[in-house]
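Since the structure comes first, as structure tokens, the remarks are kept for the end.
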Amino acid sequence: MVEEGAEVVRQPIALRESRRRRLDERVVMRFPAVANSLTRLLARLRPTSRIRRGVVRYVWRRVLEAANRGDYEAAFAILPPDYETHPPPELVGLGFEPVYRGREERLGLQRRWMDQLGDFQQETKEVIDLGDRILLLGWMRGTGLGSGAEFESELAYLVEIAGGRLSREDLFCSHAEAL
């Protein structure tokens, strides 16, 4: 729930096809502490700040482009050790854990999700900066692993920032539920 008077910034976001890691992704992977320091600085800026708006859109685009090419190490490079990921209840009902902690467990969740769903790509609608939370609304489209049937589903990521650090991620299979 958004606090009364809180600044909310909604921005469209579009992905590009990315076949390999770019220089900035290689730098973040090699020096995650630098990226975490920049996250702390960014968290101090207001959501309406031009710099914050640009960086939020840029980072989300890079993360999802890396995930779309299957480069999860790059996508989750800056996750701190105490980061928590909460998958949607639909996945928990299929035997996934209710909470994954840290980068390695987040990588494991993503790989298991891919093993279960098969090939899919993420597409985006918009990123919404709520100050201490950032919400990304999008879709996943792909082909089922067992059936070969095409599917399309809404997808949303809600990431919390606490103390200038990424702290928690909630995944949703519905935009309405995420909002």
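The values are calculated or read from the model by the stated rules, or taken from the named source; none is laboratory data. The structure displayed is predicted, hence computed values, not measured ones. We place every Cβ from the backbone using ideal geometry, glycine too, and count neighbours over all the protein chains shown. Calculation scope for accessible area: heavy atoms of the full protein, side chains included, ligands and nucleic acids excluded. Shrake-Rupley method; radii C 1.70, N 1.55, O 1.52, S 1.80 Å.
Give me the residue from segment 125-134 that is outside any loop (DSSP other than H, G, I, E, B) and modelled with pLDDT of 95 or more and, out of that set, farthest from residue 170 (Cα to Cα). This residue is 126. Does any residue of segment 97-106 turn out to be in contact with a His (Cβ under 9 Å, 6 or more places away or on another chain) and within 25 Å of residue 16 (Cα to Cα)? Looking through segment 97-106, none of the residues is in contact with a His (Cβ under 9 Å, 6 or more places away or on another chain) and within 25 Å of residue 16 (Cα to Cα).
For residue 171, the requirement of being open to solvent by less than 10 Å² (accessible area, probe 1.4 Å) and within 21 Å of residue 11 (Cβ to Cβ) is met. Scanning segment 92-112 for residues that are more than 19 Å from residue 161 (Cβ to Cβ) and either of a type in the set (S, T, N, Q) or without any contact (Cβ under 8 Å) to a residue 24 or more places away in the chain (or both) gives 92, 93, 94, 95, 96, 97, 98, 104, 105, 108, 110, 112. Every condition in (1) touching a Ser or Thr at 6+ places or on another chain (Cβ under 6 Å); (2) buried (at least 21 other Cβ atoms within 10 Å of the Cβ) is met by residue 87 except one, and the failing one is (1). Only helices (runs of 4 or more DSSP H) whose full extent lies in segment 1-107 are considered here, and the ones with at least 3 residues that are over 25 Å from residue 175 (Cα atoms) and not basic (Lys, Arg) are 23-30, 32-44.
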